[in-house]
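Just so you know, all these numbers are worked out from the coordinates, no wet-lab data involved. In this text the structure is predicted, and so the values were computed from the model without any measurement. Neighbour counts are summed over all protein chains in view; Cβ atoms, including those assigned to glycine, are modelled from backbone coordinates with ideal geometry.
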Amino acid sequence: MNLVDNTFSVDKPEESSGFLLWQVTNLWQREIKKALEQFGITHSQFVLMASIHWLTLQKQEVTQVVLSNHTKIDPMTTSTVLRTLQQKGFVQRQEHQTDTRAKVVVLTENGIEVIKKAVIVVESFDTQFFSVLGEKNNELNSHLLTLLGQ
């Protein structure tokens, strides 16, 4: 008697989009982590600092809520990571002018200096990592935006 276990809906792991995304994400994050070690920041810290810099350049007032929404990092984690960045001297939190509950988050001079260098390294790595896709890179981005609901 030969029983078949039908636990999985796919015959091979490479047919599972979730598993493939997991593998690519882990590979990409592992390499990003290595690239960021020289700056003494984690990937989450990089994402928040880069987002603060980006939003500031777009003339947006940056609060924890704005950052959390922009990065898709949950509010509690955003707060925890910002606290660490503040202790490292990369960000400052200041009172909001109109909303007493909100804090405006800004990069310090040191934070700006570090993030500008880190962005160059990360963008260079991304260019190399995704270069194997060639012309299909824009298509990948379009599909990722679809998954994000945008």
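Computed over neighbours whose Cβ is under 13 Å from that of TRP28, the net charge equals +1, Lys and Arg +1, Asp and Glu -1. Quick one: of LYS12/LYS34; LYS88/LYS117; LYS34/LYS59; LYS116/LYS136, which pairs are farther than 24 Å apart, Cα to Cα? Exceeds cut-off: LYS12/LYS34; LYS34/LYS59; LYS116/LYS136.
FRET efficiency for the VAL106 to GLN38 pair, using the beta carbon distance and R₀ = 25 Å, is estimated at 0.60.
Against the main long axis of the alpha-carbon atoms of the chain, helix 43-57 sits at an angle near 50°. With a Cα-only, solvent-free Debye model of the chain, what are the log10 I(q)/I(0) values at q = 0.16 Å⁻¹? Each listed q maps to, in turn, -0.99. Each Lys and Arg Cβ is given +1 and each Asp and Glu Cβ -1; about its Cα centre, the chain then shows a dipole of about 580 debye. As an exercise, use a Förster radius of 22 Å and the Cβ-Cβ distance of THR146 and VAL65 to find the FRET efficiency, rounded to the nearest 0.05. That pair, THR146 with VAL65, gives E of 0.30.
Cβ-Cβ distance of ASN26 and PHE130, R₀ of 22 Å, FRET efficiency by 1/(1 + (r/R0)^6): the value works out to about 0.90.
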